[in-house]
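Data first, discussion second: the structure below is written as structure tokens.
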Amino acid sequence: MQLDTLNLNYWAIAPELIVSLVAVVLMLMDAFSRKGGRQANAFVALIGLIAAFVAVVRLGGLAAGGYFGGMVVIDPTRLFFAAIILIVAILAVLLAGQFLGDEGLPPGEFFSLLLFATSGMLLLTAAGDLVTVFLGLEIASITTYILAGYRRYDVRANESSLKYFLLGSFSTAFMLYGMALTYGATGTTNIEGIRQAIASESINFPALLLLGAAMMLVGFGFKIASAPFHLWTPDVYEGAPTLVTGFMGTGPKVAVFAAFIRVFIGGFDVPIAGVGLQLHNGWIHAVAVISVITMTVGNIVAISQKNIKRLLAYSSIAHAGYALVGFVTGDFAPVAFYLLAYSIVSVGAFGVIQLLARAGDQKTMIDDYAGIGFEAPALTFPLAIFLLSLAGIPSTAGFIGKFYVFKSAWVTTPSLRYLVVAAVINSIISIYYYLYPIVVIFFRPLAPGFVRPRMQKATALAIILTIIGTFYLGLLPNRLLKSMEKGQPARITANQPGTK
Amino acid sequence: MNLITITTFLPLLGAVALVLHGLFWGARGTSGEKLDGQYRLITLFFTIVNFLVSLLILAGYDSSQAGAQMVTKVAWIDWLGVSYHVGIDGITIWLVLLTTFLMPISVLASWHVTKRVREYMLFMLILETGMLGVFVSFDMFLFYLFFEVTLIPMYFLIGVWGGERRIYAAVKFFIYTVVGSLLMLVAILAVYAYNGSTTFDIIEITSNIASGKTVIPGGVRFWLWGAFALAFFIKVPLFPLHTWLPDAHVEAPTAGSIILAGVLLKMGTYGLMRFNLPFFPDISRQAAPWVMTLAVIGIIYGALVAMVQPDMKKLVAYS
């Protein structure tokens, strides 16, 4: 392959470069500074993430398509998912000052790990090749394992970290095996190449391709915490420090969804004839079934939870199920919008819970918050808004997210309308457990000994930003929805041969 | 600015005023009791002004013409086909007046509330905006939004300021209504899809269905009618979906009961007239005997139960 056909353009990976460089700088700062200035570190991290955000916006100016020999791609999917990840990372940095200060933990590594994780996630959204998918997945996962155990003297955090690590490695093995089988069947690891191989019906061993896709489905299903691959989620979410839970419940999930879309909708979705059609029907129905199981399991188990972090863990499983409803429409936009709405609200909720739970996450039982509703309104009213948004009450982001996903599924794929009905029934179930914390917080008498937590300015800013985001997406989503519509890859049908 | 928009959002402005007033004067150390008195007066002021504004609407309403009047239609989420479309017609003008008339009375009736006065009044004002929004919306999306928004303040009013079994009553009220309204959401989406996925405008869809431009297949029509009807029957509430009402009535603070009986229940009947009759006229005709039977059962059953109620509020609820 000629060098000039590789399309080496460093601007195409500018966001990833910026974030990883800043992460290295943060490590050096930590090594050479004497007192470990928490604020300076947070400030540098914030600047780096904002610069990366600008770089993502500027990516839109480059030609869409593959770069570095197809290892990374630029397309609307990448732009939107990368933007969501950076928003999550920025909110996490704003909230981190409070977390590290209250717990008295060293700030240096935290921010550099957070940024390394972010760079891995950004790479995942950019992946045009199975090898890049794997690279991004590993960078994002390994740093998140460490973050989960960041409070290293805490047994629960250690358990969480180890569980996450073992089960995560297990799922990565599935993923890698699936990639190897797919390579064996198609002779390429490039996602576009896989699509063309399927479209031209030049598959060596069709069974290998189906098996490879199935194993990758398991791998992705694990990482987005969809049932029946969700069993690690509650323990890991409960044990990890609350801020880290908020981060890993959103960032990695969003990134893996991007890669999931790229591989399955971009690579495997060629319903023309033969193995392509088989594969298409197979994964669409598998994902549909997984989606229904995921939301039902998540919602029903969440009802009996007494711990707010476990409740949100099961609710996040349910939300992965709703996002999968958007996934089967073969379009990235409903999924991206849904995940954006979910991520903002979720990070905000965990930011509030971090304060209510106090240092060391001592108070995470819902009953610990009895009657505090009007004692700390700056915390409880935002929490109520976040919970109502997760429940999908209109005028919040969560409602528009659900509405968009349900509408897309209902209008574009009539054969899968049962998914919408299942999702609506699940939303009804979910109302019950989202109301429960509100009942305890506002309607029960005040538990004695409540002291209002002290909020840092950066934390307040993060909560205000998430509230604004919740209502902006809930009331004025028009601009974002319109910009997402531009340049969507339409699903290839039998009449249109698979060229891009 | 259109008068309808002003009436709808004036209470919300009052809510903002309450919050700002509390932040400003609360920080200056005005005593709690004095502040509470000011909150009551501010709320009363906004509700009375709002009633006067709605009287202006009545003055401007031309009863010799059919159809919607004083219409504002602005693109809102036009990517989905949602518009901010409000107006009044011969039915809603009276419902709007009823709401704005009952609100000052409810505020006066809750003069004795001393627990968290600001939040109480805040929820009352948000509730008024929600109820008015339901009546003036001519867009299904907007209607659904306001329909759900009324739930949250009422939920808090019952849950925080209610009687002994307030938590049970509040949760029951919320879940009953949400079950119905989420099914209605699916029906709204379906009607939207059958109409070509371009608009949520109620007037446009009604005329498309009446002229036969939009045809919904027979079997589907039955289910959609059912989904809309269930949501509204729960609100009405029609026997046997009525069990949330006595609980909510008894446990709610008195002003809450006034609004519940006076306005919130009317939203159900109004919804039936706005959606079920024009969208599915044939199903509505076929279902009429059944609905009437249930209604008669409700009347007799309600009357019999009301006869033996020792509790005044429960008596009103069953009657």
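The values are calculated or read from the model by the stated rules, or taken from the named source; none is laboratory data. From a predicted model like this one, the values you see are computed outputs, not experimental measurements. Backbone-built Cβ (ideal geometry, glycine too); neighbour counts: all protein chains shown. Keep in mind that these areas ignore ligands, DNA and RNA; they rest on the heavy atoms of the full protein, side chains included. Shrake-Rupley method; radii C 1.70, N 1.55, O 1.52, S 1.80 Å.
Observations, loosely collected:
- Note on region A:453-479: residues that are touching a Leu at 6+ places or on another chain (Cβ under 7 Å) and within 13 Å of A:Leu355 (Cα to Cα) amount to 5.
- Meets criteria (within 17 Å of the chain's Cα centre (by Cα), more than 10 Å from chain A (Cβ to nearest Cβ), buried (at least 22 other Cβ atoms within 10 Å of the Cβ) and part of a helix (DSSP H, G or I)) for B:Phe228: yes
- Qualifying residue in region B:310-319 (condition: of a type in the set (Phe, Trp, Tyr) and either modelled with pLDDT of 80 or more or closer than 25 Å to B:Asp201 by Cβ (or both)): no
- Only one entry in A:Ser389, A:Ser408, A:Ser395 is surrounded by 24 or more Cβ atoms within 10 Å (Cβ to Cβ) and either of a type in the set (S, T, N, Q) or modelled with pLDDT under 85 (or both), namely A:Ser389.
- For B:Leu122, the stated conditions do not hold, so it cannot be described as away from chain A (no Cβ under 14 Å), open to solvent by 20 Å² or more (accessible area, probe 1.4 Å) and assigned to a helix (DSSP H, G or I).
- Residue match in region B:152-162 (condition: more than 28 Å from A:Tyr436 (Cα to Cα) and free of Cβ contacts under 8 Å to residues at least 40 places away in the same chain): no
- Residue check for A:Thr413: buried (at least 16 other Cβ atoms within 10 Å of the Cβ), modelled with pLDDT under 85 and away from every other protein chain (no Cβ under 11 Å): yes
- Residue within region A:56-75 that is within 24 Å of A:Val244 (Cβ to Cβ) and either touching a strand residue (DSSP E or B) at 6+ places or on another chain (Cβ under 6 Å) or open to solvent by less than 40 Å² (accessible area, probe 1.4 Å) (or both) present: yes
- In region A:423-449, the residue that is nearest to the other protein chains (Cβ to nearest Cβ) out of those that are closer than 18 Å to A:Ile293 by Cβ and open to solvent by 20 Å² or more (accessible area, probe 1.4 Å) is A:Ile428.
- Subset of region B:160-177 [open to solvent by 30 Å² or more (accessible area, probe 1.4 Å), over 17 Å from A:Ala370 (Cα atoms) and within 10 Å of chain A (Cβ to nearest Cβ)]: B:Ile175
- Flag if B:Ile234 is open to solvent by 60 Å² or more (accessible area, probe 1.4 Å) and touching a Gly at 6+ places or on another chain (Cβ under 9 Å): no
- If the condition is being over 19 Å from B:Phe146 (Cβ atoms) and more than 10 Å from every other protein chain (Cβ to nearest Cβ), then region A:388-407 contributes A:Leu390, A:Gly401, A:Val405.
- Flag if B:Glu128 is open to solvent by 10 Å² or more (accessible area, probe 1.4 Å) and in contact with a helix residue (DSSP H, G or I) (Cβ under 8 Å, 6 or more places away or on another chain): no
- Search result, residues across region B:187-225 that are open to solvent by 50 Å² or more (accessible area, probe 1.4 Å), away from chain A (no Cβ under 14 Å) and not in a helix (DSSP H, G or I): B:Ser211, B:Lys213, B:Val215
- Scanning region A:247-271 for residues that are outside any helix (DSSP H, G or I) and of a type outside the set (Ser, Thr, Tyr) yields A:Gly249, A:Phe268, A:Asp269, A:Val270, A:Pro271.
- Exclusive hit being under 20 Å from the mean Cα position of the chain (by Cα), at negative phi and not hydroxyl-bearing (Ser, Thr, Tyr), set A:Val411, A:Val405: A:Val405
- Within region A:222-240, residues that are without any contact (Cβ under 8 Å) to a residue 60 or more places away in the chain sit with their Cβ atoms under 6 Å from residues that are in a loop (DSSP other than H, G, I, E, B) and of a type in the set (A, V, I, L, M, F, W, C), at 6+ positions apart or across chains, in these pairs: A:Phe222/A:Phe229.
- Test: residue in region A:211-221 that is open to solvent by 30 Å² or more (accessible area, probe 1.4 Å) and over 21 Å from the mean Cα position of the chain (by Cα): yes
- All conditions but one from (1) of a type in the set (A, V, I, L, M); (2) at pLDDT below 85; (3) out of contact with any Gly (no Cβ under 6 Å at 6 or more places or on another chain); (4) open to solvent by less than 40 Å² (accessible area, probe 1.4 Å) apply to B:Ala252; the one that does not is (3).
- Residues that are in contact (Cβ under 8 Å) with a residue 12 or more places away in the chain and either surrounded by 13 or more Cβ atoms within 10 Å (Cβ to Cβ) or under 20 Å from the mean Cα position of the chain (by Cα) (or both), drawn from region B:296-319: B:Ile297, B:Gly298, B:Tyr301, B:Gly302, B:Val305, B:Ala306, B:Lys313, B:Lys314, B:Val316, B:Ala317, B:Tyr318, B:Ser319
- When each of B:Ala287, B:Ala261 is tested for being aliphatic (A, V, I, L, M), open to solvent by less than 30 Å² (accessible area, probe 1.4 Å), in a helix (DSSP H, G or I) and assigned by TED's automatic domain parsing to the domain that holds B:Ala169, the lone residue that passes is B:Ala287.
- Hey, A:Thr364 away from chain B (no Cβ under 14 Å) and polar (S, T, N, Q) or not: yes
- Verdict on A:Tyr472 being assigned to a helix (DSSP H, G or I), at pLDDT 90 or above and within 14 Å of another protein chain (Cβ to nearest Cβ): yes
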